[in-house]
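Since the structure comes first, as structure tokens, the remarks are kept for the end.
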Amino acid sequence: MSDKTRFGLDETRIPEAWYNVIPDLKTPLAPPKAFAPDGTELTMDQIGERLAMLFPAECIKQEMSPERYIDIPGAVIDVYKTYRPSPLLRAKALERVLGLPEGIKIFYKYEGVSPAGSHKPNTAIPQAYYNKQEGITKLSTETGAGQWGSALAIAGALFGIDVEVFMVKVSYEQKPYRRILMETYGGTVHASPTSLTDAGRHVLAMDPDSTGSLGIAISEACEVAIKDPGTHYALGSVLNHVCIHQSIIGLEAIEQMALAEEEPDVVIACIGGGSNFAGLAFPYYHRKLEGKSNARLLAVEPKACPTLTAGEYRYDLGDEAGMTPQLLMYTLGHDFVPAGIHAGGLRYHGDSPLVSSLVHDGEVEAVAVDQTACFAAAVQFARAEGILPAPESSHAILAAINEAKAAQAAGEDKVILFNLSGHGHFDLAAYAQYNAGELRDFDFAAGATLHEAE
């Protein structure tokens, strides 16, 4: 077996088509639901008309596409080439720090090399391209921790589209440099909830000190798009077309792991809405169906927002104000306002219908972990591997370490692959809190703060 640590930067091609998991689902994907003001359920054609107010035709087509592979436009590939293929690395230094035997190997796919420092440009670029093709001049969106807003601001600049971002207030205050990055690329950024929209004003009337949520920010961004025919809405996670675009991560990883002469026993990624998990795990799900892999697929979420492990599997709205169709997914309720944990990208009340379907069918496992344990794992990883992880990515790191330790205790060999979905260069305030022992854990099940970091 190879003893290299880096795989495929020169040898790996950029895929020419994305993978779509929909035709491979064991349970057919449930259609969206939407209702008129009088309570009458809308037809699919009527739902399509509503979606056309928000999304370009190609993204809507991809939402329910029966095609397993969807061609990537050449203009999108040209932009992808500025940072793809992303590296696949073996964490040999971390393995040494953990004292692992040779039979336990940890690999990670590093998406922090993108201009936004995360996996989010993988879908921001095609969404901006498709909107540009339709003559759209402005995109509105929400962002939690700022990775998605940053990615869309960059894509907007590249394709000449204005971008307006509603950033969840707690993250707006925690991560000022994300806001500055978005503004530098030409984006306009608001702390949500705002007084600029009906949805925002409604929330502020009920709670003037609201720290915001992704559901609220989505409502504000959708309202802006619906009221302006020249504006579309762009979403960075959850929806099927987003998961399709992110599949480039796993498609590359499969080829790179082959260069490493290894096949993972477990594939891990953090999960909030589901985009980076889907990006790495879905191509491996297809690989399992082909009989080429036996990998477990493990999604890791925060205990403060444990959608997959504590949520209900039912139809729910994607936003707080009820502007979006209802989707069948695991959810904590569209009016859920999470604690202000630093993993802002993992605070969404629901999860991707595609991921939710696979979890419900037992094809994907899910686990919830504490914030302070994640930061401890992130610091250990940073000191060993030299990369400072985003707080979101630290959830996958913790799970990978736990898998390695469990294999060691059982005397088993194991190959572990996780998605390092972004760097933490804009999250230093969170690391400062952790280093000072001021970071706290929040447990949704307990309904309270647990303790301060020791």
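Bear in mind these aren't lab numbers, they're just calculated from the coordinates by the rules spelled out. All values reported here derive from a predicted model rather than from experimental measurement. Here Cβ is always computed from backbone atoms with ideal geometry, including for glycine, and neighbour counts include all displayed protein chains.
Placing +1 on the Cβ of every Lys and Arg and -1 on the Cβ of every Asp and Glu, with no other charges, gives the range 37-167 a dipole of roughly 940 debye about its Cα centre. When only the Cβ of Lys, Arg, Asp and Glu is charged (+1, +1, -1, -1), the dipole of the chain relative to its Cα centre reaches about 800 debye. Evaluated on the range 1-111, the Kirkwood hydrodynamic radius is 18.5 Å, with distances taken between all distinct Cα atoms. Each peptide in 244-253, 36-45 gets a packing score, the mean of other Cβ atoms within 10 Å over its residues, and the list from highest to lowest is 244-253, 36-45.
Express in whole angstrom the spacing between the alpha-carbon centres of the range 283-310 and the range 116-172. Going from one Cα centre to the other spans 27 Å.
A simple count of charges around Asn240, restricted to other residues whose Cβ falls under 11 Å of its Cβ and scoring Lys, Arg +1 and Asp, Glu -1, yields 0.
Each DSSP beta bridge with both residues in the chain is either parallel or antiparallel, and the antiparallel ones are about 40%. For the range 405-450, a/c is not less than 1.5, where a ≥ b ≥ c are the root eigenvalues of the C-alpha gyration tensor, and a/b does not top b/c. That puts it in the oblate class. Of the GluC sites (Glu not before Pro) found in the range 95-159, those that fall in a DSSP loop while having at most 16 other beta-carbon atoms within 10 Å are Glu102, Glu134. Over all pairs of different C-alpha atoms, the range 68-197 has a mean inverse distance whose reciprocal, the Kirkwood radius, equals 16.4 Å.
Only one of [x] 62, 48, 41; [y] 63, 44, 39; [z] 70, 54, 38 was calculated from the structure for Cα extents along the principal axes in Å, and its label is [x]. Separation of the range 72-97 and the range 417-433, taken as the distance between their Cα centroids, equals 17 angstrom. The relative contact order of the chain, computed from alpha carbon pairs under 8 Å that lie at least 6 residues apart in sequence, is 19 percent.
Quick one: work out the % antiparallel among DSSP beta bridges in the range 235-379, nearest 5. Once the DSSP bridges in the range 235-379 are tallied, antiparallel ones form about 40 percent. Relative protection proxy for 117-124, 367-374, 352-359, from highest mean packing down: 117-124, 352-359, 367-374 (other beta-carbon atoms within 10 angstrom). Would you tally the net charge around Pro121, using a Cβ to Cβ cut-off of less than 11 Å, leaving Pro121 out, and scoring K and R as +1, D and E as -1? Charge balance near Pro121 sits at +1. Loop-located trypsin sites (Lys or Arg not before Pro) in the range 76-124 (DSSP state other than H, G, I, E, B) with a sparse environment of at most 11 neighbouring Cβ atoms within 10 Å: Lys81.
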